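Worksheet: one structure, shown below.
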Amino acid sequence: MLDRRLIQNFDWVLLLLLLLLAGISILNLYSATYAIRDVGGSRIFMKQFYWFLIGFSVFLVMITFNYYYLERLAYPAYFFTVALLIIVLLVGKVMSGSQRWLSLGPAVFQPSELAKISMVLVLAKFFSDRGGSEDYRLRDLWQPFILILVPCGLILKEPDLGTALFLGMVSFSMILIVKVNRKSLLIFLGCCLLAAPVVWFGMKDYQQRRILTFLQPDMDPLGAGYHINQSKIAIGSGQFWGKGYLQGTQTRLHFLPEQHTDFAFSVLAEEWGLVGVTGLLLLYLFLILWGLNIAKGSKDRFGAILAVGIVAIVFWQVVINVGMVTGLLPVVGIPLLLFSYGGSSLISTMAAMGLLMNISMRRFMFQ
Amino acid sequence: MKLSNFDPVSQDVFAKQLKIAALFVLVIFSILILRLWFLQIVNGSAYRDRSENNRIRLQSMAPFRGVIRDRSGKILVDNRPSYDLYVIPEEIHDTEALLNRLAVLGNLEMALMKERLSRAASGYPFKPVCLKKDISREELAMLETRRFDLPGVMIKVRPQRHYFYGDLAAHVLGYLGEISEKQLKSGQFPNAKSGDLIGKTGMERRWQKSLNGGRGGEQVEVDAAGRRIKVISQKLPVSGADVCLTINRELQTLAEKALSGKHGAVVAMDPRNGQILALASSPSYDPNLFITGFDGGTWKNIVSSSDYPLHNRALTGQYPPGSVFKIIVALAGLEEGVITPWEALYCNGEYSLGRGRYRCWKRWGHGKVDLNRALVESCDIYFYHLGMRLGVDRIAHYARQLGLGQKTGLNLGHEKGGLIPTTEWKRKRWGTPWQGGETVSTAIGQSFVLVTPLQVATFVSAVFNGGHVYRPQVTRWVRKPGGESIFEFAPQLIRDVEIKPEYLELVKKALSGVVNHPRGTGSKARLVDITVAGKTGTAQVVNLKKEKEAKAKGEIPWKYRDHAWFVAVAPADAPRITVAVLVEHGGHGGSAAAPIAKTLIEAYLRVPGG
């Protein structure tokens, strides 16, 4: 399984990037939860550390086999995920008004996290099977559309608007990368615009409110409007050099809600300033570009498209979260990849990174 | 080696796509960094200032819970301001000194305050800690005037539920309590927080959503001392809807006074539509205590007392109906044709069935008795015969038609359905076949038969209003503060009984005789100017033998004494009120319960307009 050439082709850059991100994440979480004096709080960064350990083991497991076995697993994994999503809607645990989790003994697990990977897998399989170098027209794409709409719809019902949107963007990116006919693309975008009012009225109250608050933050002074206000203050007050590690007043005095999850980035911005956030963003940028490079270098259609899908997952998570906390996008509850606290998210991300590593390491296997 | 399935042409196309993607990524990231630059550099110092002086607090504004009124609009339950004393730990300079002053000014115990503060020490340093709820006016004045000298102290106002008349209609109104973990998790209360008070019983619970209104809040900027500088934005709370009951306050007061010192229930109803005019259960309790808090002893008394003050006896008290049940047996007999109004049976005080010997309450018998006389003087022997002719299943059929043996559906919390035995029921429940002697007892409302006072009021109303069994209701309307209606009373017909109108008339006439005829058992309910109809009932609690033994020993102990029933309707020809009275262990229905009904009817009908 692991022959010498694999080790020669071990992608040290990728591993280094991941380790750097993990390290910064734990450091940041320590600060973010520093101010909570009760027992649960300051242990969060330790929990994140343990999750990272588990994540890295998953990462290593993902490298050991040849990823083209996954081609065969793509559709079954997809259907399994859909089944889990249905089960969650039927017997899932309800927390804060939405039904997203399944309990397995002491732990809870979110099938929508699994959906990210299986979605990317199944789309990669679909497009690599088609082959050919013609542009895709709308009529060719009805199957992917169904593949995308089913899990997105189920996730929407939980309700989890953020993750559904995110999944949609990732899928859309994958479709675009395999080249869609320009006219078809325009028609599709036109349909989206027409469908927008329908979607709007289909949204729940609080989801509508989130969008309205984004446009007019004063509308919801108690909920999302407050979060964004405080986030911008936190970020802005960091200025160039930041206030210093563990010195963020927004964080310490608890003006910033959800600071170890959705708004972890704002904590970094307050304490490390523009220097810090630019550094972090550059790390992500580098990770994305490196991933695209891996896609380019892969001579296997399936691997290449899969790599793009994984890169899309990274890209969209970063963009949506950072956009959200800086006030560029409405609050949709997407945590920052590898940075925010969260076990399920971490595991699924590390699994995806493992796949990326896998593809990178085995590119020599094709001629 | 695997063969690549990626032909060079596709590869080139793909590579071009990747380049476009990379470019897109770069553009987006530039936008993000630009935005950050905008926030941190361009507006950086402004944000820095705001963060240093950040005193933006979120303060929740509790909504005004809707008011509950009686049918005439008089307020029974509303809200009054309650002042609570808070401190913000982070802002206290000298804890010991502050606590000492508070102990004096606010009548607080040092130990209690210290305990509350230490419990909160593990939380957020800026979160206010409540030291005392509902301080008195004097304490409020003392504290408010010296607040400049008490850093870290905050007084919050919140509306507190107030039951105007103490324990009046407690079982109908209900009380508030803290929302439980289970309820929070269930998703039925989407906007509730831990610590919120919600209706737990009665009308407070029935209309919880409408009464509650919607929470509001504000973003407030405060200075270093915690004083409000300005309100940044506000979401006003939505007041709850008001609830108007069908209950008549004066009647309710009378009913409860009549029951004071006794255990029992009174149900007064409008037979034309099912509106409940009064619903009393004794012993009762004061819902205000649930809010101001019980001391340990009182709570224990209430919960574990064998008097069960929290139980609403009108709905959950199941008792044998005794002679009141004869009304149903009489109607069943007529409708089934096993007896005619003129057929006279002979009562000599005794009745034998097999090896069983049954007696009439009148030792030596009534003599020749027809249907009318049997009801007026409540002859048991007549009904033993009638019962045997009908059989228990036919009796059950008519009892169920009139609503017995099932819940009425009055939406006021826990209700019991009573019991109407049938041969099938007995076989299922006890595994033995039905005995003839049990029919005999059933016919006079003993044996397994159980009814609630609410069911009695309901079925007798149906007898007098032409056979319409209406669902009892206690809500008249529910309206939002702006006037928009959430609920308006409308009579709910459960069913029309299948009994010929002439039979109903016959029984009505007999029941009128119960009260007005010289030998009627209900003479204590007689009124000079209003025709009252009714029926007495004396329900045995223990069997006759035990009772006789106890009588021989002297007085019968209270718990062995019979339950006293009386149900009355007035005016008999065009009824406007039905009153059902049950006095636990009250003895004779005619003497213990009938006078209560009389008092209520008199008060209700003598007032112009009723």
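The values are calculated or read from the model by the stated rules, or taken from the named source; none is laboratory data. Remember, it's a predicted structure, so these values are computed and weren't measured experimentally. Here the Cβ positions follow ideal geometry from the backbone for every residue, glycine too, while neighbour counts run over all protein chains shown.
Computed values, structure above
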| read-out | value |
| --- | --- |
| Residue match in the stretch A:250-257 (condition: assigned to a helix (DSSP H, G or I), more than 9 Å from every other protein chain (Cβ to nearest Cβ) and at pLDDT below 75) | yes |
| Condition check for A:LEU346: buried (at least 24 other Cβ atoms within 10 Å of the Cβ), modelled with pLDDT of 85 or more and either closer than 19 Å to A:PHE166 by Cβ or more than 10 Å from chain B (Cβ to nearest Cβ) (or both) | yes |
| Of all residues making up the stretch B:420-434, the number that are assigned to a loop (DSSP other than H, G, I, E, B) and closer than 18 Å to B:LEU450 by Cα | 4 |
| B:GLY174 being among the small types (Gly, Ala, Ser) and modelled with pLDDT of 80 or more | yes |
| Leading residue by the ranking (nearest to A:LEU329 (Cα to Cα)) among those in the stretch A:155-170 that are away from every other protein chain (no Cβ under 13 Å) and in contact with a strand residue (DSSP E or B) (Cβ under 9 Å, 6 or more places away or on another chain) | A:THR163 |
| Pairs with Cβ under 6 Å, 6+ apart, first in the stretch B:237-260 and under 11 Å from B:ARG71 (Cα atoms), second polar (S, T, N, Q) | B:THR246/B:GLN275 |
| Among (1) without any contact (Cβ under 8 Å) to a residue 24 or more places away in the chain; (2) surrounded by 22 or more Cβ atoms within 10 Å (Cβ to Cβ) - the single one A:GLY323 does not satisfy | (2) |
| Within the stretch A:269-297, considering residues that are more than 10 Å from chain B (Cβ to nearest Cβ) and of a type in the set (Phe, Trp, Tyr), the one surrounded by the fewest Cβ atoms within 10 Å (Cβ to Cβ) | A:PHE286 |
| Residues satisfying the stated conditions in the stretch B:235-251, i.e. within 14 Å of chain A (Cβ to nearest Cβ) and assigned to a loop (DSSP other than H, G, I, E, B) | B:LEU236, B:PRO237 |
| Top-ranked residue in the stretch B:143-175 [being of a type in the set (A, V, I, L, M, F, W, C) and part of a loop (DSSP other than H, G, I, E, B); ranked as surrounded by the most Cβ atoms within 10 Å (Cβ to Cβ)] | B:ALA169 |
| Qualifying residue in the stretch B:91-105 (condition: in contact (Cβ under 8 Å) with a residue 24 or more places away in the chain, within 14 Å of chain A (Cβ to nearest Cβ), closer than 28 Å to B:GLU218 by Cβ and not in a strand (DSSP E or B)) | yes |
| Odd one out for B:ILE232, checked against (1) under 21 Å from B:MET61 (Cα atoms); (2) at pLDDT 85 or above; (3) part of a strand (DSSP E or B) | (2) |
| Test: residue in the stretch A:281-304 that is under 14 Å from the mean Cα position of the chain (by Cα) and at pLDDT below 85 | no |
| A:LEU73 surrounded by fewer than 16 Cβ atoms within 10 Å (Cβ to Cβ), at pLDDT 80 or above, in a helix (DSSP H, G or I) and hydrophobic (A, V, I, L, M, F, W, C) | yes |
| Qualifying residue in the stretch A:328-342 (condition: in contact (Cβ under 8 Å) with a residue 12 or more places away in the chain, closer than 19 Å to A:ILE155 by Cβ and part of a helix (DSSP H, G or I)) | no |
| Every pair of residues 6+ apart whose Cβ atoms lie under 7 Å, when the first sits in the stretch A:171-184 and is facing another protein chain (nearest Cβ under 8 Å) and within 15 Å of B:LEU18 (Cβ to Cβ) while the second is polar (S, T, N, Q) and in a helix (DSSP H, G or I) | A:ILE177/B:GLN17; A:LYS179/B:GLN17 |
| Residue in the stretch B:126-139 that is touching a residue at least 60 places away in the same chain (Cβ under 8 Å) and in a strand (DSSP E or B) present | no |
| Neighbours by Cβ (under 8 Å, 6+ apart or cross-chain): first from the stretch A:276-302, under 22 Å from B:GLN17 (Cα atoms); second of a type in the set (Asp, Glu) and at pLDDT below 90 | A:ILE294/A:ASP11; A:PHE302/A:GLU71 |
| Test: A:ILE26 is modelled with pLDDT under 80 and either under 20 Å from A:ASP262 (Cα atoms) or within 14 Å of chain B (Cβ to nearest Cβ) (or both) | no |
| The stretch B:194-217, subset touching a residue at least 24 places away in the same chain (Cβ under 8 Å) and assigned to a loop (DSSP other than H, G, I, E, B), residue nearest to the chain's Cα centre (by Cα) | B:THR201 |
| Helices (runs of 4 or more DSSP H) fully within the stretch A:137-215 counting 3 or more residues that are at pLDDT 80 or above and within 26 Å of A:THR349 (Cα to Cα) | A:142-156, A:161-177 |
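Listed here are the residues, each with its yes/no results for (1) in a strand (DSSP E or B); (2) modelled with pLDDT under 85; (3) closer than 30 Å to B:PHE487 by Cα.
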| residue | (1), (2), (3) |
| --- | --- |
| B:VAL25 | no, no, no |
| B:TRP37 | no, no, no |
| B:SER51 | no, yes, no |
| B:GLY73 | no, no, yes |
